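K.L.:
My questions all concern the structure below.
Just so it is clear, none of the values below were taken in a lab; they were calculated from the coordinates. Not measured: the values here are computed from a predicted model. Using ideal geometry, Cβ is built from the backbone for each residue, glycine included, and neighbour counts are taken over all protein chains shown.
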Amino acid sequence: MESDLLHPHTESNDYIRVLPPNKTIMVQTRLYYGRISNRPEDIEYWKPGFVIPDNIKRDLFGRHSKQSDAYLLIFSDERGRLTCQATEKKGKEWQQILDLHPDETIKLQTRLKSGAISFEGKDRVLYSPGFRLPPVLVCKLKKEFWATRNAELFVISDSKGNIRGLVRGDKINMVFRFFNEGFVKLDR
């Protein structure tokens, strides 16, 4: 089961893992004896063009050189400050992360309020410039979640324009997919 949680690269998988508030994943990989792995089989996500600063590499090596195998997450906050999270192979902390396929990027992370997508500064954590949600998806979210006062919304797009996402609130976890042919599927 653990390997399914950490390597969910199948078309049928829906992911119910979320980012910590106000953070963007820069790197999601493994750490072996304090050294950051850049092997393709270990990398879950590496933001294109991102280079890990030397001071972070030294710090991770110093703190985790006796740990044979750990999961490593490097986050950036809205001000660009980097934080690291290295966790031994237990899986619980990783269940809080939204896994990305290699060709996917998070396009929008915000709040959904009574079905309406909020673009207010305090609610919007991440928004990719130029990304537009299909109007049919906006209408579907509004129709499905009109009674949900406040929830998190994550929207991820792949290189073909297919969209998947997650609406997560106190009483709801719902995964959705929008294919560029226009088909919308919501699963509770």
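K.L.:
With θ set to phi - 60°, apply the Karplus curve 6.51 cos²θ - 1.76 cosθ + 1.60 along the stretch 56-68 and write out the HN-Hα couplings as whole Hz, x wherever there is a Gly or Pro.
P.N.:
Values per residue, Gly and Pro as x: 5, 4, 5, 4, 5, 5, x, 7, 10, 5, 9, 8, 5 Hz.
K.L.:
Hey, another quick one. Expected output is a single nm value to one decimal: the length gained when fully extending between Thr105 and Val136, i.e. 0.36 nm times separation in residues minus the C-alpha distance. What is it? Before the final figure, lay out the partial values.
P.N.:
Details: separation 31, 0.36 × 31 = 11.16 nm, distance 2.08 nm.
Full-extension gain reported as 9.1 nm.
K.L.:
When Rg is the radius of gyration of the Cα atoms in the stretch 105-187 and Rh is its Kirkwood radius, what does Rg/Rh come to? Don't skip to the answer; put the middle values down first.
P.N.:
Numbers: Rg = 11.7 Å, Rh = 12.7 Å.
Answer for the stretch 105-187: 0.93.
K.L.:
What are the residues whose amide H is under 5 Å from the amide H of Gly115, where those residues sit 5 or more places off or on another chain and H is modelled from the backbone?
P.N.:
Residues meeting the criterion, in which the H sits 1.01 Å from N, are Thr148.
K.L.:
Roughly how many nanometres apart are two label points built 7 Å out from the Cα toward the Cβ at Trp146 and Lys171?
P.N.:
For Trp146 paired with Lys171, the spin-label model returns 1.7 nm.
K.L.:
Pull out the extension gain between Lys122 and Thr87, defined as 0.36 nm times the separation in residues minus the alpha carbon to alpha carbon distance; nm, one decimal.
P.N.:
9.6 nm
K.L.:
Could you tell me the distance between the Cα centroids of the stretch 21-59 and the stretch 99-150, to the nearest Å?
P.N.:
If we compute the Cα centre of each part, the gap is 27 Å.
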